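Notes to accompany the following structure.
Only the coordinates and a few stated rules stand behind these numbers; no lab work does. None of these values were measured; they are calculated from a predicted model. Don't worry about glycine lacking a Cβ; one is built from the backbone with ideal geometry, like all the others, and counts go over all protein chains shown.
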Amino acid sequence: MKICFILGFCHNYVEKKLPWSRSAIKNTKEKGGNQIPRYAILVNDMLNDFVDGKLRCERVGQLVPKIKSFIENARQKNVPLFYCNDEHLLQDTYEFKLWGPHAIKGSEGAKVVDQLKPARVDYVIPKRTYSSFKGTDLHKLLRAIYNGIGCNTVILLGVHTHICIKHTAFDAFVRGFNIIVAEDGVTAFTEQDHLSGLEYMNRNYGVSIKKISDITNSIS
């Protein structure tokens, strides 16, 4: 597992010749003028504190089996996975004033739920803000995969639709990525928050909203 730390620190990152890297050249060819997607999956904040801990949301639990099935299928198809996880320090009062302390670095609450544990080849991106890009090495790593050709399409899963997913989608948008959000692979505290987040991202960032089953079928 490669663990890339926030604020620009990256511990011993070396691009390895993984299966999804070996097929990169083939996957960059264009047909009919359309660029073939080079996918990366971003699994956002599927942590103990969000599933059944300090910031528990009852709606999040139903995502676990869906995401588990999806990422297992994606691994079989050699699609790179990035786990983007809150890993707060005690001085991160900007969020704690609003939500209370959560996902503290080194705590059980900051760990990915057991059912979705990252595999050795997956990337883990610790973050301290809503966005998975801000202050992290995510953008650099996305551009480095596929033998340095880079990902061009990110698939977003996890929580919360109107907060961390939305802010991550914005940062992906301004960096030029194509963005897919799994409609049934993200959620929020309420259905209204979930739907408003999806609508906002679609209208303002051009995000494609798709069912997990349709995304699975589109990944070759």
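Below, the figures for the structure above:
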{"item": "Estimated distance in nm for a label pair at Thr216 and Gln35, the labels positioned 7 Å out from Cα along Cα-to-Cβ", "result": "2.8 nm"}
{"item": "Prolate/oblate/rounded call for the stretch 178-220, Cα gyration tensor, a/c under 1.5 rounded", "result": "oblate"}
{"item": "Nearby aspartates and glutamates by direct alpha-carbon distance to Lys210 (threshold 19 angstrom, same-chain neighbours under 8 apart not counted)", "result": "Glu72, Glu183, Asp184, Glu191, Asp193, Glu199"}
{"item": "Order of Thr190, Thr168 - criterion: other Cβ atoms within 10 Å of each residue's Cβ, fewest first", "result": "Thr190, Thr168"}
{"item": "Lysine pairs meeting the criterion (Cα under 22 Å, 8 or more apart or interchain), as found in the stretch 58-132", "result": "15"}
{"item": "Under 14 Å, Cβ to Cβ, from Cys57 - net charge with Lys/Arg +1 and Asp/Glu -1", "result": "-4"}
{"item": "Global geometry of the stretch 39-155, whether rounded, prolate or oblate, following the gyration tensor of its Cα atoms and the 1.5 cut on a/c", "result": "oblate"}
{"item": "Shape call, the stretch 148-220: gyration tensor on alpha carbons, a/c limit 1.5", "result": "oblate"}
{"item": "Order of His162, His167 - criterion: other Cβ atoms within 10 Å of each residue's Cβ, fewest first", "result": "His167, His162"}
{"item": "Charge context of Cys151, other residues only, Cβ under 11 angstrom, K/R +1, D/E -1", "result": "+3"}
{"item": "Hits among aspartates and glutamates - C-alpha to C-alpha of Lys54 under 18 Å, sequence gap 8 or more where chains match", "result": "Asp45, Asp86, Glu87, Asp92, Glu95, Glu108, Asp114"}
{"item": "Surrounding net charge for Gly206, when Lys and Arg each add one and Asp and Glu each subtract one, Cβ distance under 15 Å", "result": "+2"}
{"item": "Computed E for Ile149/Glu108 - FRET, C-beta separation, R0 45 angstrom, nearest 0.05", "result": "0.75"}
{"item": "Which of Lys127, Lys77 has the fewest Cβ neighbours within 10 Å, and the rest in rising order", "result": "Lys77, Lys127"}
